[in-house]
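Structure record follows, encoded as structure tokens.
The values are calculated or read from the model by the stated rules, or taken from the named source; none is laboratory data. As the structure is a prediction and not an experimental result, all values here were calculated from the model. Neighbour counts are summed over all protein chains in view; Cβ atoms, including those assigned to glycine, are modelled from backbone coordinates with ideal geometry.
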Amino acid sequence: MFSEYYKGKKILVTGGAGSIGRKIVKELIKYDVDVIRVFDNNETELFDLENDLKSSKVKIFVGDIKDIQRLKYVFKDIDIIFHAAAYKHVPLCEYNPLDAVKTNILGTQNIIDMSLYCDVDKVVLISTDKAVNPANVMGATKFLAEKLMMAASANGDEDSTKFSCVRFGNVLNSRGSVIPLFKKQLKHGGPITLTDEDMTRFIMNIYQAAELILEAGSISQGGEIFILKMPAFKVSDLADAMIEHYAPQYGYEKDEIEVQIIGKRAGEKLYEELMTPDEMLTSCDNGNLFIIRDEINKNHKDFVYNSNEIVHLSKEEIIDILERMDNLGY
């Protein structure tokens, strides 16, 4: 459904060797794009990605978004940028705040500056629900990255680069997320380490994430924040579902697996939000998406959109998601 829009486009994906960036690249290869430049500072992951894809349309670039001269070279003649490069791990950002600021905030400003300098058509920032009422360094830096994007959009004119954001919940089975951690613990017979029994999160799978990003890129006019409608679960229910689903596969009885409560990590929230009350006033319902714009929408509908108050997935529904995830091989 995006094939016509992306046909013949020159596209750059920053953070293209990460979970989200890699999936964006793999989806874009299916369309008749002119070229996909993949930019990342992880040399090994870039090498693996290039060997995995083996596509003449994919061009690999090693570099860092903090290096503005490198960006000037990579951005040349690009039509669309999907900006996924970021420090995303909450505890690491909590203990290394200056580095998170340099990458997530100053790096994003570099992306904006070079996009305007190189006359890029569109830039889409990959953001997070942790940017809403942020309670940790990672969320605060992504909050400011969103603000930089919105300011760049507001200060532009009709012919300027169009800047927009996509706001995610947790992406199932992405690197560093809870599912790979629980799987690793289950393979060793436990225990499963749970930070808090009441913790809740929004979830989406990697295919939904890529689809949302590509849809946002195709329909953005500048100044929007795109949010996928998604379910939420209690992390304790996920742990129970994974024990029931995976323990027998790893040669254990489910009753053998202990769940150990270890307490919240530095900077973690008990629940996440995808929109503030003020943003609800400017949101519109676009089917599978909410779109936040600057102007008040008099037809907006009030709804609950934090992961603690909406109806949570049952353990059976989570197991069904795990089975589908296994069948799809991710």
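Entry remark, the range 194-236: residues being in contact with a helix residue (DSSP H, G or I) (Cβ under 9 Å, 6 or more places away or on another chain), closer than 30 Å to Ile257 by Cβ and among the hydroxyl-bearing types (Ser, Thr, Tyr) number 3 in total. Specify the residue that is nearest to Asp294 (Cα to Cα); the eligible residues are those in the range 154-185 that are part of a loop (DSSP other than H, G, I, E, B) and touching a Lys or Arg at 6+ places or on another chain (Cβ under 8 Å). Filtering first and then ranking leaves Gly156.
Applying the selection to the range 232-251, what residues are aromatic (Phe, Trp, Tyr) and buried (at least 16 other Cβ atoms within 10 Å of the Cβ)? If the condition is that a residue be aromatic (Phe, Trp, Tyr) and buried (at least 16 other Cβ atoms within 10 Å of the Cβ), then Phe233, Tyr246 are the ones that fit. The set of residues in the range 142-155 that are surrounded by fewer than 16 Cβ atoms within 10 Å (Cβ to Cβ) and either of a type in the set (A, V, I, L, M, F, W, C) or more than 21 Å from the chain's Cα centre (by Cα) (or both) comprises Ala151, Ala154, Asn155. The requirement of being of a type outside the set (Val, Ile, Thr), touching an Asp or Glu at 6+ places or on another chain (Cβ under 9 Å) and more than 30 Å from Met325 (Cβ to Cβ) is not satisfied by Asn133.
The set of residues from the range 109-141 being closer than 14 Å to Ile65 by Cβ, within 16 Å of the chain's Cα centre (by Cα) and assigned to a helix (DSSP H, G or I) comprises just one member, Thr141.
When the residues of the range 174-210 are narrowed to those that are of a type in the set (Gly, Ala, Ser) and in contact with a strand residue (DSSP E or B) (Cβ under 7 Å, 6 or more places away or on another chain), which ends up surrounded by the fewest Cβ atoms within 10 Å (Cβ to Cβ)? The extreme case among them is Ser177. For the range 70-82, does any single residue satisfy the condition of being outside any helix (DSSP H, G or I), basic (Lys, Arg) and surrounded by fewer than 16 Cβ atoms within 10 Å (Cβ to Cβ)? Yes, because at least one residue in the range 70-82 is outside any helix (DSSP H, G or I), basic (Lys, Arg) and surrounded by fewer than 16 Cβ atoms within 10 Å (Cβ to Cβ). Exactly one residue among Val132, Val171, Val124, Val137 is touching a Leu at 6+ places or on another chain (Cβ under 7 Å) and buried (at least 18 other Cβ atoms within 10 Å of the Cβ), and that residue is Val132. Please tell me if Leu106 is in contact (Cβ under 8 Å) with a residue 40 or more places away in the chain, crowded, with 16+ Cβ neighbours inside 10 Å, aliphatic (A, V, I, L, M) and part of a helix (DSSP H, G or I). Yes; evaluated as a whole, the condition is true for this residue. Among the residues of the range 146-165, is there at least one that is in contact with a Cys (Cβ under 6 Å, 6 or more places away or on another chain) and under 22 Å from Ile213 (Cα atoms)? Checked the range 146-165: at least one residue is in contact with a Cys (Cβ under 6 Å, 6 or more places away or on another chain) and under 22 Å from Ile213 (Cα atoms).
Condition first: at pLDDT below 95, among the polar types (S, T, N, Q) and within 19 Å of the chain's Cα centre (by Cα). Now tell me which residues in the range 19-72 satisfy that. If the condition is that a residue be at pLDDT below 95, among the polar types (S, T, N, Q) and within 19 Å of the chain's Cα centre (by Cα), then Ser19 is the only one that fits. Restricting attention to the range 267-287, does a residue exist that is within 26 Å of the chain's Cα centre (by Cα), aromatic (Phe, Trp, Tyr) and either assigned to a loop (DSSP other than H, G, I, E, B) or modelled with pLDDT of 90 or more (or both)? Yes, because at least one residue in the range 267-287 is within 26 Å of the chain's Cα centre (by Cα), aromatic (Phe, Trp, Tyr) and either assigned to a loop (DSSP other than H, G, I, E, B) or modelled with pLDDT of 90 or more (or both). Screening the range 217-231 for residues that are buried (at least 23 other Cβ atoms within 10 Å of the Cβ) and of a type in the set (A, V, I, L, M) and picking the one that is modelled with the lowest pLDDT gives Ile227. Residue count for the range 8-47 satisfying the condition of being under 25 Å from Thr128 (Cβ atoms) and acidic (Asp, Glu): 3.
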